[in-house]
Amino acid sequence: MSSGGRRPTPFLERFGVTGRALVVALPFVWLLLFFVVPFVIVLKISFSDVDLAIPPYKPLLEWVGQNALAIHLNFNNYAFLFTDSLYVNALVNSLKVAAISTLFCLVIGYPMAYGIARAQARTRNLLLLLVILPFWTSLLLRVYAWIGLLKANGVINNLLIWVGLIHEPLTLLYTPLAMYIGIVYSYLPFMILPLYANLEKMDWQLLEAAEDLGCRPYQAFYKITLPLSRNGMLAGSMLVFIPAVGEFVIPALLGGPNALMIGRVLWDEFFSNRAWPVASAVAMLLLVILVPFMMWYQSVQARESAGAK
Amino acid sequence: MASTTGPIKAAPWKDPDARPFVQVERVTKSFGDFKAVDDVSLKIYKGEIFCLLGASGCGKTTLLRMLGGFETPSSGRILIDGEDMTGVPPYERPVNMMFQSYALFPHMTVEQNVAFGLKQDRVPKSEIADRVATMLGLVKLKDFAKRKPHQLSGGQKQRVALARSLVKRPKLLLLDEPLGALDKKLRENTQFELISIQDKLGVTFVVVTHDQEEAMTLASRIGVMNQGEIVQAGTPSEIYEFPSSKFVADFVGSVNIFEGKLIEDEPEYVRIASEELRATIYVSHGISAAPEAVVWAAVRPEKIFMSTVAPEGSDNVVRGAVQDIAYLGDLSIYLVKLATGKVVRVTQPNTSRHAEAITWDQQVYLTWDPSSPVVVTR
């Protein structure tokens, strides 16, 4: 035998646990604990009956008699979502609001991202900082600030009256307009950042080449910049659209009583009606609708990082 | 030194009545205090391949970009085919450019890239297809029409870029370091391909390059640039054999520069006493310089003869020891160190496979023909 011998196998490796497996396992454990388990709980609740108890639903599994286990699956919660038009309307309205907000974010965010990407290195960092800066305060605070701006004797109305454009204060707060302003304002950075990341990689000499071949600057933008930033636009749009569908805080604070959003319906079912099973069913439905968008976003991301165009 | 006769057989720049195709008139371009291009005047004739040669930062690319319309001159003007180009944007100039990075559109196929300019001009569809096919045939890329740029090699991209800039049949084609990204072998082949394409289409080329060999091969005339100025313009052989300054002599090819004082200044010959050679240089042509002036004699390494026996005469003879030898196959470079410490570069063709070789530390005599030195005063 040589004097070196064999390194003793570390304790964990004897059970097939290597450092590599540990590192890979960590995110999976995280997902299991904080996504899969809660998801299964919500799924479970969505199939139960309402009960006047704590928690306010009946168990799915029940021992009956000596050795029999009964499973009560209640599909009524889902059926109910389609019998009462409230839910479908709220869902359709949420999708509409999210889509319109995404469009506005794109129209406003694109020129901003473009401007930042084409700015000089020093200004560019400053501008990026300004985009990110709002994240340093809570979303709630920023939405309340909008209430201060939009209300009847708020900053905007007072300014307009002072300038003399209007004599009576305009009703801005608790209107769809206020809600759109809030959503677009809050989600704009999520549009700007992926777009910027995309545009920043662009070879601006391509635009010179296009002009050289006979394009006016706006044609060069339309034929070169726009198609090349498609992945950035898609990524930004998904990042705005997906959370905006389920947005609850902004419509509740700025949108007034008529802003029927699915997130708000869910909140009401859960807290006001204590109808946990129906609320869970709403949550599942929302998930099913958003999964295709998320998958699309993932594939866009994969394409973007692969660099294939 | 590979120097072909350019595609132009006559020499329009020698004809005072010839109409220049491109006229650069006292053009200056400043960026803040920095003058990238400084009072440059230039005449380029139809069918020429004119090379702007210089080190990076000498202003050659800025000058090219002004021809393309991507920069506006701070003063002076540029005429192309007799038309003043001041204020004419790139998309209205009868000029196309081949960019150094090629700037191929990554989201379009080879075919779409080449067709881009024609579509922009609303050329009928069938004609576009014809012209694109012809052009792809010319640059030998017919089989790659459906590929995207990222599926091509460097040489193929270069040819797509060339096809794209030529398909619109520009009167003037600007090429920014067209062969810069290619390896040496490919570059040599492509140089001759470029010349043959240019010959076929009769387009005027203005080429920017930092590679003097490339300039020598391609150009009908070369404009050597330094610090924003054109220091000398002429045919490759004029630039090489009759450089007007130390800078040009040194930049184009390799050269030995001997500093000395003018001691005899006759119309037929001059004699220069060189301290660093401890010898006199006899030159068989007159020059215009003040008597006793400090001048420089430039002698190309291939025009110096090396031998182990002392040659006759006392002019143009120096003695030294071989310090280093580089064997390049077709020729060898010898660095000979003189007693003064001056190192002279000599190249000798390896004409025989079994030549009696001169080796390290051997004492040798160097001599050159009285017609070989070029005397420059700056």
Counted charge near B:G154, where neighbours are those whose Cβ lies closer than 11 Å (Asp, Glu -1; Lys, Arg +1):
+2
For B:W368, A:W204, ascending order of other Cβ atoms within 10 Å (fewest first) is A:W204, B:W368
Go through region A:62-69 residue by residue and turn each phi into a ³J(HN,Hα) via Karplus (6.51, -1.76, 1.60, θ = phi - 60°); whole Hz please, and just put x for glycine and proline.
9, 6, 10, x, 6, 10, 10, 10
Cα-based shape type of the protein assembly as shown, given that a ≥ b ≥ c are square roots of the gyration tensor eigenvalues and the cut on a/c is 1.5:
prolate
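Can you classify chain A as rounded, prolate or oblate using the Cα gyration tensor, where a ≥ b ≥ c are the square roots of its eigenvalues, rounded means a/c under 1.5, and otherwise it's prolate if a/b beats b/c and oblate if not? Write down the numbers at each step before the final one.
Values: a/c = 2.23, a/b = 1.15, b/c = 1.94.
It comes out oblate by the Cα gyration axes.
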Between helix B:184-201 and chain B: long-axis angle, C-alpha atoms, 0 to 90°, nearest 10:
60
Go ahead and set up a Gaussian network model of chain B, Cα springs under 10 Å, then flag whichever of B:E83, B:E214, B:E111 fluctuates most.
B:E83
Taking θ = phi - 60°, what integer Hz values does the Karplus form 6.51 cos²θ - 1.76 cosθ + 1.60 yield along region B:303-316, in sequence order, with x for Gly and Pro?
9, 9, 9, 10, 8, 8, 9, 5, x, 6, x, 10, 6, 6
Can you sort A:M295, A:M284, B:M225, B:M66 so the residue with the fewest Cβ neighbours within 10 Å comes first?
A:M295, A:M284, B:M66, B:M225
Neighbour counts of other C-beta atoms within 10 Å: give me A:F190, A:F248 arranged from fewest to most.
A:F248, A:F190
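Work through the residues other than A:F241 whose Cβ is under 12 Å from its Cβ and net out their charges, Lys, Arg +1 and Asp, Glu -1.
0
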Can you give me the long-range amide H partners of B:N350? Hydrogens built in the peptide plane at 1.01 Å from N, cutoff under 5 Å, separation of 5 or more residues or another chain.
B:L331, B:S332
Lysine pair count for chain A [Cα-Cα under 30 Å; pairs on different chains or 8 or more apart]:
7
Between 0 and 90°, nearest 10: helix B:110-120 axis offset from chain B longest Cα axis
70
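Apply the a/c threshold of 1.5 to the C-alpha gyration tensor of region A:126-285 and tell me whether it is rounded, prolate or oblate. Numbers along the way, then the final one.
On the way: a/c = 2.66, a/b = 1.47, b/c = 1.81.
Oblate, since a/c reaches 1.5 and b/c is not below a/b.
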Neighbourhood net charge (13 Å Cβ-Cβ; Lys/Arg +1, Asp/Glu -1) for B:L277
+2
Taking every DSSP bridge whose two residues both lie in chain B, the antiparallel percent to the nearest 5 is 75
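How much of the pair distance distribution for region B:254-376 lies past 19 Å, counting alpha-carbon pairs only, in percent? It would help to have the intermediate numbers written out before the result.
Numbers: 3446 of 7503 pairs.
Within region B:254-376, distances greater than 19 Å cover 46 percent of Cα pairs.
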Roughly how many whole Å is it from the C-alpha centroid of region A:192-234 to that of region A:262-309?
32
For chain A, return all DSSP H helices satisfying: extent of Cα atoms along own axis at least 24 Å; mean Kyte-Doolittle hydropathy at least -1.0.
A:85-118, A:176-200, A:276-306
What number, in percent, do you get for the relative contact order of region A:12-71 if the mean sequence gap of Cα pairs under 8 Å and at least 6 apart is divided by its residue count?
15
Alpha carbon centre of region B:15-47 versus region B:360-374: separation in Å?
40
Between region B:231-258 and region B:277-339, what is the C-alpha centre distance in whole Å?
17
Kirkwood hydrodynamic radius (Cα pairs, Å) of region B:263-304?
11.0
For chain A the mean separation of alpha carbon contacts under 8 Å (6+ apart) over residue count, i.e. relative contact order in percent, is 24
Quote the relative contact order of chain B in percent (integer), defining contacts as alpha-carbon pairs under 8 Å separated by 6+ residues.
16
Using only the alpha-carbon atoms, how far is helix B:154-166 inclined from the longest principal axis of chain B? Give it as 0 to 90 degrees, nearest 10.
60
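Laboratory data are not the source of any read-out in this text; all were calculated from the coordinates shown. Computed from a predicted structure; not experimentally measured. Here the Cβ is made from the backbone with ideal geometry for all residues, glycine too, and neighbour counts use every protein chain on show.
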